[in-house]
1. Which FRET efficiency value, to the nearest 0.05, do you get for Ala113 and Tyr89 by plugging their Cβ-Cβ distance into 1/(1 + (r/R0)^6) with R0 = 25 Å?
2. At Asp171 and Val98, where each label point lies 7 Å from the Cα along Cα→Cβ, what is the point-to-point distance in nanometres?
3. Cα-based Rg of the chain per 2.2 N^0.38 Å, rounded to two decimals?
4. At a threshold of 8 angstrom on Cα-Cα distance, excluding pairs fewer than six apart, so keeping six or more, what relative contact order does segment 1-82 reach in percent?
5. Say a paramagnetic label sat at a point 7 Å from the Cα of Glu202, along Cα to Cβ; which residues of segment 134-166 have their backbone N under 18 Å from it?
6. For segment 53-139, state the average projected area of the convex hull of the C-alpha atoms over all orientations, rounded to one decimal in nm².
7. Suppose each label sits 7 Å from its Cα in the direction of the beta carbon; what would the His151-Thr122 distance come out to in nanometres?
8. Are there trypsin sites (Lys or Arg not before Pro) in segment 69-171 that DSSP puts in a loop and that have at most 13 other Cβ atoms within 10 Å, and which ones?
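Every read-out reported here was derived from the displayed coordinates using simple, explicitly stated rules and does not represent laboratory data. What you are looking at is a predicted structure, and each value in this text was computed from that prediction instead of being measured. Every residue, glycine as well, gets a Cβ built from its backbone with ideal geometry; the counts of neighbours run over all protein chains shown.
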Amino acid sequence: MSGAAPLRLVLASANPDKVAEIAAVLAGALDVELIPRPGNVPDVVEDGATLLDNARLKARALVAATGLPAVADDTGLEVDALGGAPGVYSARYAGEGVTYADNVHKLLIELAARPAGGGERTARFRTVALAAFPDGTDVWAEGAAEGVIAHQPAGDAGFGYDPVFAPRESDGRTFAEMTPDEKHAISHRGRAFRSLGAALAERQR
Ligand code: IMP
């Protein structure tokens, strides 16, 4: 039996879908005890210039509030015909406090306005997953999923831009037409957290 204690990590995300996915992936990679984000920790303003900056901002705020190691992630959708937009602004593409549907609507309108309806409509989700430690160090990993933006939404599963994102590694279905397991096997976040889990397991040895 190993005498090493499990790594205790506070999770920055309060989104139940993401928490379940992250917990499953990390628990498969290392001996970890995941602690939900305490209710009294305010949201940080995600005003970093990059996904890495934002993931670090979120994780560091939790380390400061709890004194424990913390894990955060940040995701952006990069659409080639839009020069990589919405990217780091994906959550607020159509403005502050908008719905997922508002963002999807804006994306489809912007693409339709491009020459040839946005050309090949290639895009990718990119996620940075980061663990920050009280000693000031951090460990991070990136994951991406390549695909195309569909001409209209399809499917009810998932969240965000899932109804209009058809990953290259599928049969033409959007992420919103897949089961959670199908999505996570090839998703940006699944990949980022599997890599982070491997890096944390290495650090724990
Ligand atoms: P966050 O950094 O994970 O909060 O993601 C920023 C924004 O990207 C979200 O508000 C969603 O609109 C979008 N997003 C993040 N992950 C996904 C995903 O897995 N599918 C679809 N949209 C996503």
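1. On the way: r = 18 Å, r/R0 = 0.72.
Given R0 = 25 Å and the Cβ-Cβ separation, E is 0.90.
2. 3.4 nm
3. On the way: Rg = 17.5 Å, N = 205, 2.2 N^0.38 = 16.6 Å.
Compactness ratio reported: 1.05.
4. Working: 87 pairs, mean separation 29.1, N = 82.
Value for segment 1-82: 36 percent.
5. Inside the label zone: 137-144.
6. Details: hull surface 25.8 nm².
Taking the Cα atoms of segment 53-139, their convex hull projects to 6.5 nm² on average.
7. Placing both labels 7 Å along Cα→Cβ, they lie 2.1 nm apart.
8. Working: sites: Arg92, Lys106, Arg121, Arg124, Arg126, Arg168; in loops: Arg121, Arg168.
For trypsin sites (Lys or Arg not before Pro) across segment 69-171 that sit outside H, G, I, E and B with at most 13 neighbouring Cβ atoms in 10 Å, the list reads Arg168.
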